[in-house]
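Notes to accompany the following structure.
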Amino acid sequence: MEVITAFKDIVDHLLIIKGIEWVRIEGASKSCTLKTMDKKAGFVIDITMNEPIEKMNGTFGIHDIAHLNRILRAPGFDIPTASVQFIGSESGKEKWGGGFLHFDNGAGQTYDKSIVGKYQADGQMNVPGLRQPFQFDTAFFPDEKGIELLKYWHKEMQEFDVKNVAFLNKNGNVICRYGLSCGRQNYEFPFKRSAGATSQVIWEFPTEPILAILNLYPTSKSVSISISDIGLMKIDVDSGLANYCYLIVPHQQVGAMQECKEYRPRSYAEIIAHLIEGRKRVQENALKAKNAANDNTPPAKR
């Protein structure tokens with residue numbers, strides 16, 4: 001895949017999430033994957049290109065994605081004759097390897113943007129892997145009607161400074177709920193009917209990044225949403241050139257007793273630890289409620 005084509009698609013899908021500043025690239029002769037994350041907000045984005053990017057074999061990292069986007073759209077480089085080439089270490093294995101992206105519009109206008117090699121990419125741009133396997137209880141394809149309802153109610157709730165939306169299951173339908181003070185003045189609407197939802201746990205996610213991703217719906221080949229058993233939301237977007245997997249953690253967890261547990265994660269490891277602990281707490285509460293119900297069951301008559 002041509003470098004300019006690949007990176008225009010990449011920046012368009014990364015910059016919709018605030019706080020994304022860099023991307024790590026793992027290139028090979030037949031494949032290319034990219035990873036990035038916003039540690040503060042708890043977002044992780046995994047990208048799998050449909051084709052490898054020209055000459056990018058090895059491990060590299062690009063800082064300041066917003067700057068890369070401005071160069072791609074700069075006057076003189078936003079024309080059909082413009083090209084971008086990767087120049088530097090083809091292996092990306094040297095300690096200070098890397099290189100630069102060479103922009104050339106074919107009319108004497110050029111620009112070079114540096115790319116760091118494996119050593120710096122490993123030190124500054126590592127995205128920890130998910131050691132815990134996740135089961136996604138709910139998976140569905142959103143539709144235009146649900147997305148428009150989410151946009152409307154998100155705008156309506158700005159008056160109350162409500163920034164999260166809860167996703168819950170009602171009879172297999174995915175319901176979105178905006179609420180104040182964890183239960184008062186709730187607004188509910190069906191986001192996706194007959195979605196096959198099974199999870200009984202309610203999770204609250206930040207609305208703005210979800211809407212930013214769903215705004216890609218009209219121009220994408222496909223968009224799907226999954227929610228794991230510990231609350232991790234996954235939105236997969238197929239752009240036609242690559243698959244973008246957005247992983248989003250909840251900002252609030254509402255357990256079986258409607259108890260709000262709000263937190264602000266400081267690291268990715270803390271995010272996962274919190275989710276696993278939260279899921280464990282929900283299971284324990286459900287078991288206690290079941291045992292309490294059994295204890296109150298009158299003994300059978302002899």
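Subtracting the Cα-Cα distance from 0.36 nm times the residue separation, let me have the gained length for residue 159 to residue 111 in nm, one decimal.
Extra length from residue 159 to residue 111 when fully extended: 12.7 nm.
Within the range 1-41, list the residues whose amide N lies under 16 Å from a label point set 7 Å along Cα→Cβ of residue 102.
Residues 3-4 qualify, since their backbone N sits under 16 Å from the label point.
Relative to the Cα centre, what is the charge dipole magnitude of the range 3-124, using +1 at the beta carbon of each Lys and Arg, -1 at the beta carbon of each Asp and Glu, and rounding to the nearest 20 debye?
280
In a shell of Cβ-Cβ distance under 10 Å around residue 188, excluding residue 188 itself, what net charge do Lys and Arg (+1) and Asp and Glu (-1) give?
Its environment carries a net charge of +2.
Taking θ as phi - 60°, what are the ³J(HN,Hα) couplings along the range 47-52 by the Karplus curve (6.51, -1.76, 1.60), each to the nearest whole Hz, with x for Gly and Pro?
With the stated coefficients, the range 47-52 comes to 10, 10, 6, 5, 9, x Hz.
Only residues of the range 49-84 count here: report those whose backbone N is under 15 Å from the spot 7 Å along Cα→Cβ of residue 12, or say none.
Once the point is set 7 Å along Cα→Cβ of residue 12, 50, 69-70, 72-74, 78-80 turn out to lie under 15 Å by backbone N, inside the range 49-84.
For the range 115-122, take each phi angle, set θ = phi - 60°, evaluate the Karplus expression 6.51 cos²θ - 1.76 cosθ + 1.60, and give the result in whole Hz per residue in order, putting x for glycine and proline.
Coupling constants for the range 115-122: 10, 7, x, 4, 4, 6, 4, 5 Hz.
Once amide H atoms are built 1.01 Å from N in the peptide plane, which residues 5 or more positions from residue 58, or in another chain, come under 5 Å H to H?
Residues meeting the amide H criterion: 27, 28.
On a full-extension model of 0.36 nm per residue, what is the gain between residue 51 and residue 83, subtracting their alpha-carbon distance, rounded to one decimal in nm?
Length gained between residue 51 and residue 83: 9.7 nm.
Can you flag which of 118/234; 155/234; 145/290 are past 30 Å Cα-Cα?
145/290
If all Cα-Cα distances of the range 3-124 are sorted into 5 Å bins from 0 onward, what percent lands in each bin, rounded to whole numbers?
2, 11, 22, 24, 21, 13, 5, 1, 0
Read the figures in this text as sums done on the coordinates, not as results from a lab. Model, not experiment: these values are computed from the prediction. When we count neighbours, we look across all protein chains shown, and the Cβ atoms used for this are built from the backbone with ideal geometry, even at glycine.
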